[in-house]
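*Asks:* Here's a structure for you.
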Amino acid sequence: MIAVQMLAQETALGGDLAWPLIVVALVVMFMGTLVVLAKRYKRCPSNRILVIYGRTGAGRSSRSLHGGGAFVWPLIQAYDYLSLDPIQIEIPLQGALSMENIRVSVPSVFTVAIGTDSDAMTNAAVRLLGLTTKDIMKQAEDIIFGQLRQVIASMRIEEINRDRDVFLEKIQASLEPELKKIGLVLINVNIKDITDESGYIEAIGRKAAAEAIQQATIDVAQQNKKGAIGVADAEREQSIAVANAARERDIGTTAAERDRAVKVADLERERVVGEKQAEFTRDASVKDSEREMRVQIASANAKAVAGENEAKAVVAASNADLRVKEAEAYQEAESRYRQAEAAVLEAQYRAEAKAALAQAEKLEAEKRAQLEAVAKAQKAQTIVDAEAAAQKRRIEAEGEAAAIFARLDAEARGNYEILAKKGEGLRAIVEACGGSQAAFQMMMLEHLDKLSETAAKAISNIKFDKIVVWDGGAGGGKDGQGNATSGFLRGLASSLPPMMQMMRDVGGVDMPAYFGKLATEAEARAEAADAAGATRAEPASPKKPAG
């Protein structure tokens, strides 16, 4: 403005010479303004985000642009760029717990970058502007570690190992919202390997490999069997077709040659017979003409030569008969010649038939050899099938043995636990009763009703109509022991005290009074003395038990 005022003053003072200077000054000012505006207009390349911050509008801390450009007002606004280059982050995850509480190692590489949608660019401008790539990687790494552990904890090892696509989908679904909070997007996930400390994944792989090898072996054996059978069938059909064609060819050739030879022989015979008949007819005609001529000459000349003529006639007749006989002889000879030739041809045909038969036998032998080869191939295939079946049965038997072992082991563990618990219960009973004897007496009392019931059942079906004791009549034994009846009653009575003693000592139970009572030692001695005196007085009277 000052320059314009100065130019105006100079224009007022200087006249027409000052106007060019004014125009130049205006042009310079306009160009300077354009340069300033051009420097403050910032263009955004495709691999960056332009972030304009300062006074960008009410309620906005910044304005982000991807592509295009914007004017940055001086003094009140500033700008910076965010790179869109992908960032690869190594995640050496070790010992993450799966759903089965098995520690899994999942080393992987994650590729992230700043997002280009409006929300992602706004979040990146707020949280990543001015940070280095290393700082951005650190923030993303912490987020990825946490989300990856969470995904692994929600899946089983078999799902992680088998369904990689599902595993990656869950990682993306869990990780993308968290990365978007700081303005990042997930580009790619590369799982290097999945291992576990217990070796479970390796065992699954070995099992799958063994099953695949076994199935492949079975498939190869089956395909070999099908191939051998197909080759044998094709060779057999080929041999049969070739043999049939050769047989038809030989039969047709032999029949054609035989027909040709027969036809040629017939034609030759007819030709020869015709020639001989024509020659005979011609000669006979000539002789007849000569004879007639000579007869006429002889008749005309003289009767004297009649005899000569007659003689000549006889000669001519003889010659004619000779010619006829010669023709017949030639015809017979020719017929025999043709018959001999036909016999030769028949012998030749027989020889050719034998050769054809030998060829057929040779083909039959080759066919049998091929069938034997097919049988050998089938036998080999049967052996292969049997070995495969044996291998399968061996694997099944090993599986069944493992299952039986597991079942028996479980039963043994269960029985052991039952016996252990029973032993603990008995030990508690002994401790509660104050000793093993008292515990035994208590358990005897507990099962006394069952013992009595069992004993009653044992003799319930025995019916005693009467008891007969046979006495030999010896009597007079010492102390009355010779009487069998008294001995039986004494033995029956004497068995009660020991039984009552056992019930009292073992079970701690006193039997009812109506069964009798156990005498003391003094009572026993007195009773023994009384019994001895009574026995001397009455030897046949048995002693009854006390009570």
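*Asks:* Can you tell which of Ala412, Ala373, Ala355, Ala386 is among the small types (Gly, Ala, Ser) and closer than 22 Å to Arg247 by Cβ?
*Replies:* Ala355
*Asks:* If only one of Val51, Val112 is more than 30 Å from Ser198 (Cα to Cα), touching a residue at least 24 places away in the same chain (Cβ under 8 Å), surrounded by 14 or more Cβ atoms within 10 Å (Cβ to Cβ) and touching a Lys or Arg at 6+ places or on another chain (Cβ under 9 Å), which one is it?
*Replies:* On inspection, the qualifying residue turns out to be Val51.
One line per residue, one yes/no per condition, for (1) touching an Asp or Glu at 6+ places or on another chain (Cβ under 9 Å); (2) part of a helix (DSSP H, G or I); (3) at pLDDT 80 or above; (4) β-branched (Val, Ile, Thr):
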residue: Lys226; (1), (2), (3), (4): no, yes, yes, no
residue: Gln238; (1), (2), (3), (4): no, yes, yes, no
residue: Thr254; (1), (2), (3), (4): yes, yes, yes, yes
residue: Ala298; (1), (2), (3), (4): yes, yes, no, no
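Residues are listed down the side, and each one gets a yes or a no for (1) of a type outside the set (A, V, I, L, M, F, W, C); (2) modelled with pLDDT of 80 or more:
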site: Asp409; (1), (2): yes, yes
site: Ala412; (1), (2): no, yes
site: Leu419; (1), (2): no, yes
site: Gly435; (1), (2): yes, no
site: Ala438; (1), (2): no, no
site: Asp449; (1), (2): yes, no
site: Ser452; (1), (2): yes, no
site: Ala456; (1), (2): no, no
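*Asks:* If you go through the range 376-393, how many residues are loosely packed, with under 12 Cβ neighbours inside 10 Å and under 23 Å from Ser239 (Cα atoms)?
*Replies:* 1
*Asks:* For the condition of a type outside the set (Val, Ile, Thr) and under 30 Å from Leu267 (Cα atoms), what is the one hit in Glu411, Glu366, Glu341, Glu398?
*Replies:* Criteria check complete, one pass: Glu341.
*Asks:* So is Ile218 surrounded by 12 or more Cβ atoms within 10 Å (Cβ to Cβ), modelled with pLDDT of 75 or more, farther than 24 Å from Val384 by Cβ and not assigned by TED's automatic domain parsing to the domain that holds Ala390 or not?
*Replies:* The answer is no for Ile218.
*Asks:* Give me the helices (runs of 4 or more DSSP H) completely within the range 82-167, filtered to those with at least 3 residues that are under 49 Å from the mean Cα position of the chain (by Cα) and either of a type in the set (Gly, Ala, Ser) or at pLDDT 90 or above (or both), ordered by residue number.
*Replies:* In the range 82-167, the matching helices (runs of 4 or more DSSP H) lie at 133-153.
*Asks:* Could you give me the residue pairs with C-beta distances under 6 Å whose first residue belongs to the range 129-154 and is small (Gly, Ala, Ser), whose second residue is surrounded by fewer than 18 Cβ atoms within 10 Å (Cβ to Cβ) and at pLDDT 90 or above wherever it lies, and which are 6+ apart or on separate chains?
*Replies:* That search, which allows pairs on different chains as well, returns Ala140/Ile89.
*Asks:* Okay, moving on. Just give me the residues in the range 372-400 being in contact with a helix residue (DSSP H, G or I) (Cβ under 8 Å, 6 or more places away or on another chain), β-branched (Val, Ile, Thr) and closer than 14 Å to Lys225 by Cα, in sequence order.
*Replies:* Answer for the range 372-400, where residues must be in contact with a helix residue (DSSP H, G or I) (Cβ under 8 Å, 6 or more places away or on another chain), β-branched (Val, Ile, Thr) and closer than 14 Å to Lys225 by Cα: Val374, Val384.
*Asks:* Also, quick follow-up: Would you say Ala3 is out of contact with any Phe, Trp or Tyr (no Cβ under 8 Å at 6 or more places or on another chain), modelled with pLDDT of 55 or more, of a type in the set (Gly, Ala, Ser) and in a helix (DSSP H, G or I)?
*Replies:* Answer is no for this residue.
*Asks:* Among the listed residues Leu408, Leu357, identify the single one that is farther than 30 Å from Val272 by Cβ and either surrounded by fewer than 11 Cβ atoms within 10 Å (Cβ to Cβ) or not assigned by TED's automatic domain parsing to the domain that holds Glu275 (or both).
*Replies:* Leu408
*Asks:* All but one of (1) in contact with a strand residue (DSSP E or B) (Cβ under 9 Å, 6 or more places away or on another chain); (2) part of a helix (DSSP H, G or I) hold for Val185; state the number of the condition that does not hold.
*Replies:* Failing condition for Val185: (2).
The values are calculated or read from the model by the stated rules, or taken from the named source; none is laboratory data. These numbers were taken from a predicted model, which means no experiment stands behind them. Neighbour counts run over all protein chains shown; Cβ positions are idealised from the backbone, glycine included.
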